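Down below is the structure, laid out as structure tokens.
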Amino acid sequence: MSELNSQVPSTFDPFADANAEDSGAGTKDYVHIRIQQRNGRKSLTTVQGLKKEFSYSKILKDLKKEFCCNGTVVQDPDLGQVIQLQGDQRKNVSTFLVQAGILKKDQIKIHGF
């Protein structure tokens, strides 16, 4: 029995240092703009990671007026508030957020296709 105990590996986590360094602090700095495919040619654009001090409803209202699309603010348990827009609005949203002075260009990450 003592031979088996000596062969059992310890609970060493080789990625513990990497996880401790990242700890989500790097992802909080970016605003992520993603596209989600619905059905057929339909798609959703999601914007997550905006600071909580911004009024999501006012930003959404301006985005909807500017791009002639519908949208909503969804409360996600993990991600917080997420803006959803109809259609592929990734480039439009990124240029809008930069021109409005809400973000800088290097704070935006565009994902998808």
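Computed values, structure above
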item: Reachable lysines from Lys65, criterion Cα separation under 27 angstrom, eight or more residues apart if same chain; result: Lys42, Lys51, Lys52, Lys91, Lys104, Lys105, Lys109
item: The range 35-105: C-alpha gyration tensor shape, a/c 1.5 cut-off, then a/b vs b/c; result: oblate
item: The range 51-113, dipole about Cα centre (Lys/Arg Cβ +1, Asp/Glu Cβ -1), debye to the nearest 20; result: 200 debye
item: Largest-first ordering by accessible area, 1.4 Å probe, given options Arg41, Arg90, Arg34; result: Arg41, Arg34, Arg90
item: Asp78, Asp88, reordered so the largest accessible area comes first (probe 1.4 Å); result: Asp78, Asp88
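The values are calculated or read from the model by the stated rules, or taken from the named source; none is laboratory data. Everything numeric here is computed off the predicted structure, so don't read it as measured data. Cβ: placed from backbone, ideal geometry, glycine included. Neighbour counts: every protein chain shown. Keep in mind that these areas ignore ligands, DNA and RNA; they rest on the heavy atoms of the full protein, side chains included. Shrake-Rupley method; radii C 1.70, N 1.55, O 1.52, S 1.80 Å.
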